[in-house]
Amino acid sequence: MGASSAEYEQQIADVRGSIESKIVELRERSRDTIRRSRRVLIIAVGTGAAVGAAAVTALFIYRMTRPATLAERVERGLPEGWWNYVRNARDKIELGWRRALPPVRLYVGDQQVGEQPPSTTVEKVAIRAAQAVGTAMAAAIVGRLTDQFRKRGGKAA
């Protein structure tokens, strides 16, 4: 014969008891996790606020202690509002020069230089080596020119 209803009820009660203890344990774990998360969030916000305040203070100190630039001195010397006219005129002139110069593109064969990144490691190494050689050559040329300039009695910057 099968189990009696009392046995079934007892098994159900045992399972409920174990499930309830697991649920209580999971709730306690989630509360602990939430407490830790709040603490971490408060610390992170406090640290961020402290870093932000320090950055603003550093910027303020920098702005107050550095000497005025030439542009700032000129702006102070001009009457109110004139600096905007000077700035707008300068921007128009610069834009005019930029529009007057056509864009320059270098093609080797049918491909534009720099259009496709190097695909193999050998190509990457070869490009880096060529860049290093070009930089070294430019440095040597500039070094010789400045040495010749010094020998002729000029002052190098």
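Looking at Thr47, Thr33, which one is on the phi < 0 side of the Ramachandran plot, of a type in the set (S, T, N, Q) and open to solvent by less than 70 Å² (accessible area, probe 1.4 Å)?
Exactly one of Thr47, Thr33 is on the phi < 0 side of the Ramachandran plot, of a type in the set (S, T, N, Q) and open to solvent by less than 70 Å² (accessible area, probe 1.4 Å), namely Thr33.
Consider segment 1-50. How many of its residues are among the aliphatic types (A, V, I, L, M) and either in contact (Cβ under 8 Å) with a residue 60 or more places away in the chain or not in a helix (DSSP H, G or I) (or both)?
Number satisfying all stated conditions: 2.
Condition check: part of a helix (DSSP H, G or I), open to solvent by 100 Å² or more (accessible area, probe 1.4 Å) and modelled with pLDDT under 85. Does Arg150 satisfy that?
Values: part of a helix (DSSP H, G or I): yes; open to solvent by 100 Å² or more (accessible area, probe 1.4 Å): yes; modelled with pLDDT under 85: yes.
When the stated conditions are applied, Arg150 passes them.
Anything in segment 58-85 that is assigned to a helix (DSSP H, G or I) and open to solvent by less than 70 Å² (accessible area, probe 1.4 Å)? List them, or say none.
The answer is Ala58, Ala71, Glu72, Val74, Gly77, Trp83.
Any chance segment 99-118 includes a residue that's open to solvent by less than 70 Å² (accessible area, probe 1.4 Å), of a type in the set (S, T, N, Q), outside any helix (DSSP H, G or I) and at pLDDT 80 or above?
no
The values are calculated or read from the model by the stated rules, or taken from the named source; none is laboratory data. These numbers were taken from a predicted model, which means no experiment stands behind them. In this analysis, Cβ positions are derived from the backbone assuming ideal geometry, glycine residues included, and neighbour counts consider all displayed protein chains. Heads up: the accessible areas ignore ligands, DNA and RNA and are worked out on the full protein's heavy atoms, side chains in. Shrake-Rupley method; radii C 1.70, N 1.55, O 1.52, S 1.80 Å.
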